[in-house]
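Contents: one structure, followed by commentary.
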Amino acid sequence: MEFEPLDQYQQRRKKLAEIESLGYPPFPHKFDATHSPSQVVSQFGARTADELAVGKPGVRVAGRIVALRPHGKAAFGHLAGGGARLQFYVKLDTVGEAAFKLFQLLDLGDIVGLTGELFRTKTNELTIRVEKLELLTKALLPLPEKWHGLADTEMRYRRRYLDLIVNERAREIFLRRAQITRELRRFFDDRNYIEVETPMMHPILGGATARPFVTHHNRFDMDLYLRIAPELYLKRLVVGGLDRVYEINRNFRNEGIDAIHQPEFTMLEFYQAYSDFSELMDLTEELMRGLAEKVCGTTKVKYGESEIDFGKFDRLSMREAICKYWPQDAGVEPNANDFKTSRRAREIAARYNEFARVKSLEPVATGESISEGELTGELFEAIAERHLIQPTFIYDFPTDISPLSKKRVDDPSLTERFELFVAGMEIANGFSELNDPEDQERRFRAQVEKGGQEAPKEVDVDYIRALSHGLPPTAGEGIGIDRLVMLLTDSHAIREVMLFPLLRSESAAGSADDEGQK
RNA sequence: GGACCGCUAGCUCAAUGGUAGAGCAGCUGACUCUUAAUCAGCGGGUUCCAGGUUCGAGUCCUGGGCGGUUCACCA
């Protein structure tokens, strides 16, 4: 197989053949490095020229050649590895004729092993004086432009390997992402939660409302859904006596793709027995504050134009949030108590829709089939959600839109549920778990009867059975890891924090397929 | 799905409807402390695709592809 740019590809193949004919193995198996370029920099970066001249520290370093400045019978260049660059100096007199010949057959992008002593040049840059040069892997394709790098967003996602080589920011995002999941695991491990893995392929849809991906198991001749949430399995584990569990893994939802949605995304879900939603809010504050401090070094995190303070969390009921952000021109500001009767909730929605009509905004749905709980949820999303920049818990979710949450004792139209919003994004969703099997069964049946592509086709009988064996009072929460990483890396698209976001296939445009699709 | 924006050399980008260009990368040569090395020379194009308008299209029009933004959808 050959790749563009063809002339350069073939040129490099030719050089590789020459290297082989000089007696060097074309793809050697290993290299015993003492340091990566970044380790050299961190260990010797503080040494002065004199100190290096006395100590003459010798190192063996491996990395990718990312800059080359040949000067006839000598050359400078930079070796990249571990996120740092180390200058190297190759001189005919030092490496000898054979190695210098090899060096002249090297290109930008090649991976080499260098052995030599460290010194400082007259411009005082830490440099390895190459005494021994080994080609470790020939790059047959060139790197993107050395100064501007790779800017084309599509190419950055499709060829993430180039993005990672060339764009330091991309590399930093994914290192930080790893740090975040590491800290999350530490947080839960320290508190005696156990990490579990539950099925990604589900025979029955459940745990959230979303259109699923469908797949098929041949041997069992059985349709399966890629999971949209691990929730029902994790709560079975709590029934089984694993009182504190968490899982960090992928969910799959067959829906729209935009700046904050991707079809597969990573969710942390955790459950703790003998607890309720208010404890979870406290725990979530602690978690987020600690994470920001650990990862960003401060609780005050820059995100675009704003500075988000993870040291301070607001709490508003959903109804309060609607009232607080009620648009000025939308008539009389409602009172949180107005939502208690169906009639008045509908009046509020009508008032908002009149405002939306004038401002040509999208109205909220108000049909007969829409319950006042759904109405409240819609109004919240239309009016308040985007304003929630600083960390804000929204609680008192209507029961109608919370099929797995426990109702409030004093008001069964509301549940003990909250969501955390930051930068206008939903980051977390937690609640006191509904553990009354009969109530749960009624809510499941209502979902199945309502139908639609997002509703399960059947009631998850085994889950009801599990609840019938007794789920202790339990609180559970899901945190969207990708969005959390966005917040802590000042990234404004979920694609930026996912290594390989889903894109349409690159196959040749205008092929016969187009006709066939119609 | 709608609206808007983009797509030109391997990469980053230019080009009033009038001969498609530069820098980097590549190739040849010079150069033993350079660092976006420098100097001299050379090669490199289905201007995303298919039609149309025009004497003439990278540029204008229609349709399509891919990406982006945004709205809608979406727990």
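When both residues are 6+ apart or on different chains and their Cβ atoms are under 8 Å apart, which pairs have a first residue that lies in region A:125-153 and is basic (K, R), and a second that is within 6 Å of RNA strand B (Cβ to nearest atom)?
A:R129/A:K91; A:K138/A:D107; A:K146/A:A67; A:K146/A:L108
For the list (1) within 15 Å of RNA strand B (Cβ to nearest atom); (2) loosely packed, with under 15 Cβ neighbours inside 10 Å; (3) in contact (Cβ under 8 Å) with a residue 24 or more places away in the chain, I need the number of the one condition that A:R169 fails.
Exception for A:R169: condition (3).
Pick out the one residue from A:A33, A:A75, A:A80 that is under 34 Å from the mean Cα position of the chain (by Cα) and closer than 21 Å to A:E145 by Cα.
So the residue among A:A33, A:A75, A:A80 that is under 34 Å from the mean Cα position of the chain (by Cα) and closer than 21 Å to A:E145 by Cα is A:A80.
For A:K302, state whether it is out of contact with any Pro (no Cβ under 8 Å at 6 or more places or on another chain) and either at pLDDT below 95 or of a type in the set (D, E, K, R) (or both).
yes
Is it fair to say A:V196 is at pLDDT 95 or above, closer than 19 Å to A:Q440 by Cβ and in contact with a helix residue (DSSP H, G or I) (Cβ under 7 Å, 6 or more places away or on another chain)?
Criteria not met by A:V196.
From the set of residues in region A:216-247 that are part of a strand (DSSP E or B) and surrounded by fewer than 18 Cβ atoms within 10 Å (Cβ to Cβ), which is nearest to RNA strand B (Cβ to nearest atom)?
A:D223
Under 9 Å between Cβ atoms, at least 6 apart or on separate chains: pull out the pairs that start in region A:373-388 with a residue that is more than 10 Å from A:F339 (Cβ to Cβ) and among the small types (G, A, S) and end on any residue that is in a helix (DSSP H, G or I) and within 11 Å of RNA strand B (Cβ to nearest atom).
From residues that are more than 10 Å from A:F339 (Cβ to Cβ) and among the small types (G, A, S), the pairs are A:G377/A:D400; A:G377/A:I401; A:A382/A:A356.
What are the pairs, 6+ residues apart or on separate chains, where a residue within region A:281-307 that is without any contact (Cβ under 8 Å) to a residue 60 or more places away in the chain and more than 16 Å from A:L268 (Cβ to Cβ) has its Cβ under 7 Å from a residue that is surrounded by 12 or more Cβ atoms within 10 Å (Cβ to Cβ) and among the basic types (K, R)?
Going by the 7 Å Cβ cut-off, the qualifying pairs are A:T299/A:R289; A:E307/A:K300.
Name the one entry in A:L140, A:L164, A:L136 that is more than 9 Å from RNA strand B (Cβ to nearest atom) and either aromatic (F, W, Y) or part of a strand (DSSP E or B) (or both).
A:L136
Identify the residue in region A:100-114 that is surrounded by fewer than 18 Cβ atoms within 10 Å (Cβ to Cβ) and over 13 Å from A:A80 (Cα atoms) and, among all such residues, is nearest to RNA strand B (Cβ to nearest atom).
By that ranking, first place goes to A:Q104.
Residue-wise test of (1) more than 8 Å from RNA strand B (Cβ to nearest atom); (2) among the basic types (K, R); (3) crowded, with 20+ Cβ neighbours inside 10 Å; (4) within 24 Å of A:Y24 (Cα to Cα).
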| position | (1), (2), (3), (4) |
| --- | --- |
| A:A84 | yes, no, no, no |
| A:E97 | yes, no, no, yes |
| A:L118 | yes, no, yes, no |
| A:K122 | no, yes, no, no |
| A:H148 | no, no, no, no |
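List every residue pair whose Cβ atoms lie under 6 Å apart, where the two residues are 6 or more positions apart in sequence or sit on different chains, the first residue falls within region A:43-59 and is under 18 Å from A:T115 (Cα atoms), and the second residue, located anywhere, is outside any strand (DSSP E or B).
Matching pairs, first to second residue: A:V59/A:T34; A:V59/A:V40.
Check off (1) part of a loop (DSSP other than H, G, I, E, B); (2) surrounded by 14 or more Cβ atoms within 10 Å (Cβ to Cβ) for A:V485 and give me the number that stays unchecked.
(1)
The values are calculated or read from the model by the stated rules, or taken from the named source; none is laboratory data. This structure is a prediction, so every number in the text was calculated from the model and none was measured. Note that we place each Cβ from the backbone using ideal geometry, even for glycine, and neighbour counts take in every protein chain shown.
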